[in-house]
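Down below is the structure, laid out as structure tokens.
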Amino acid sequence: MFYSHQLLARKAPLGPNKLNIIKICKEIFNPSIPMAFRLSGILMGGIVIVYETKVKLLYDNLSIPSSYLSIRRINTQ
């Protein structure tokens with residue numbers, strides 16, 4: 001086995017409830033339990049997907065009020 005099941009457990013540093021991306025990246029680069037390079041590459045690819053999703057959600061949440069304010073500003077002039 002190339003990885004420990006404890007590494008990916010729910011209470012582990014890389015569990016599904018942890019979204020601190022910086023901490024997860026540090027754990028992948030300097031693992032407390034040895035892991036294969038392929039596994040670390042797959043995990044980093046997953047981190048990129050999670051980060052991309054967080055950025056898209058943040059952009060969507062900020063663009064809706066911004067567009068509403070610009071429409072409202074145009075209507076008041």
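Structure data summary
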| read-out | value |
| --- | --- |
| Pairs where the first residue, in the range 49-63, is of a type in the set (A, V, I, L, M) and the second is in a helix (DSSP H, G or I), C-beta under 7 Å, 6+ apart | Val50/Ile21 |
| One residue from Ile33, Ile49 being at pLDDT below 85 and loosely packed, with under 13 Cβ neighbours inside 10 Å | Ile33 |
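The values are calculated or read from the model by the stated rules, or taken from the named source; none is laboratory data. Small disclaimer: the values here were computed from a predicted structure and weren't measured. A quick note on method: Cβ atoms are made from the backbone with ideal geometry, for glycine too, and the neighbour counts reach across all protein chains shown.
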